[in-house]
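Written below as structure tokens is the structure these notes are about.
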2 protein chains.
Amino acid sequence: MKPTEKADIKYTNQRVEILTFLREHQGHPTVDEVYDGVRKKLTRISKATVYKNLKFLTEKGLLEEVNVKGVSRFEANFIPHHHLICRECGKMEDFNSEQLLDYSMKIAEEIEGFTIVSTSTNFYGICKKCRECKKET
Amino acid sequence: MKPTEKADIKYTNQRVEILTFLREHQGHPTVDEVYDGVRKKLTRISKATVYKNLKFLTEKGLLEEVNVKGVSRFEANFIPHHHLICRECGKMEDFNSEQLLDYSMKIAEEIEGFTIVSTSTNFYGICKKCRECKKET
DNA sequence: TTATTAAATAATAATAAATATCATTTAGTA
DNA sequence: TACTAAATGATATTTATTATTATTTAATAA
């Protein structure tokens, strides 16, 4: 297993598959989507295992939990980045802008009472698909 | 009731108290915190009513739902702003920077596939209180 | 390679969070 | 003041998440 994660944990099949799935599906899957995806390879995996591992791997810093419209989603992308979020359907995409990260961190230096270590900007709007659906109605 | 919200809804005591509470408590309260707060004035309010109204008022655009560490929180501040988030305790504070909003929106113009209407930057770090607690250990 | 052991899993039970139901009450309007 | 659609409170139901436990497994060392 890639030693990107040198975390001191047991690399069970279940964990490896969950991590692999999330690396191959950058669309911020939900618990159920992870479960369904991983089940294609490990047909006998328990949903409790998925829950426990998503929580565990997040605590260990191998995953990040995000939330759109009250729904938990997970991602394995640790390169600092931003998010494009559709207010209609909840779709979430990664978006890169080194420029914006730098700008934000410069502003962060002036903040008192908090020691800021990272930033991420959410861009809210409507995705192409939803915009086209709305036109048709 | 302030006509800031010209939304076409019934202004029941319950709704007014929930909105008032959230305007007076900008610390992004959870469902339970809203329930406990509002109950001081409306001792007979049902928790289901709090749930239903937080959802309803969010759909109507009078509230915004945010989420820290898997916990839903609500706010009534509609002036575009950013968030300072403590990775230790989950504390969340508003932070204003017109500058950063402008910069982000300029970047948003270049994004394809999404029509962006607003942005908000999250600043992650550690709050004063948590930093001091860590020192002591 | 095999034995050992702490930790992880699967299956299921238990909790907690959120929503639905429905008889009663109420805000907004005539 | 009366009317009515909508909201409420109380509770049941559903869904999401966590805990329990017997069994299995990954990592280590013999």
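A few comments on the model shown:
- Among the residues making up segment B:98-115, those that are buried (at least 20 other Cβ atoms within 10 Å of the Cβ) and under 29 Å from B:THR30 (Cα atoms) are B:LEU100, B:SER104.
- Some residue of segment A:28-40 being within 14 Å of another protein chain (Cβ to nearest Cβ), free of Cβ contacts under 8 Å to residues at least 60 places away in the same chain and either away from DNA strand C (no atom under 13 Å from the Cβ) or within 26 Å of A:ASP8 (Cβ to Cβ) (or both): yes
- Whichever residue in segment B:67-103 is among the β-branched types (Val, Ile, Thr) and either more than 13 Å from the chain's Cα centre (by Cα) or modelled with pLDDT of 90 or more (or both) and, among such residues, is farthest from DNA strand C (Cβ to nearest atom): B:ILE79
- Among the residues of segment B:4-22, those identified as away from DNA strand C (no atom under 13 Å from the Cβ), out of contact with any Asp or Glu (no Cβ under 7 Å at 6 or more places or on another chain) and at pLDDT 95 or above are B:ILE18, B:THR20, B:PHE21.
- Filter pass, A:GLU59 being more than 9 Å from DNA strand C (Cβ to nearest atom), surrounded by fewer than 16 Cβ atoms within 10 Å (Cβ to Cβ) and either over 23 Å from B:GLU88 (Cα atoms) or modelled with pLDDT under 95 (or both): yes
- Inside segment B:31-54, residues that are of a type in the set (A, V, I, L, M, F, W, C) and over 14 Å from B:ARG73 (Cβ atoms) make up a count of 4.
- So A:THR58, is it more than 23 Å from A:SER118 (Cα to Cα) and either outside the structural domain of A:ARG131 (by TED's automatic domain parsing) or in contact with a helix residue (DSSP H, G or I) (Cβ under 8 Å, 6 or more places away or on another chain) (or both): no
- Any hit, segment B:128-137, residues being surrounded by 19 or more Cβ atoms within 10 Å (Cβ to Cβ) and not basic (Lys, Arg): no
The values are calculated or read from the model by the stated rules, or taken from the named source; none is laboratory data. Keep in mind the model is a prediction, meaning the values are calculated, not measured. For neighbour counting, all protein chains shown are included, and Cβ atoms are generated from backbone atoms with ideal geometry for every residue, glycine included.
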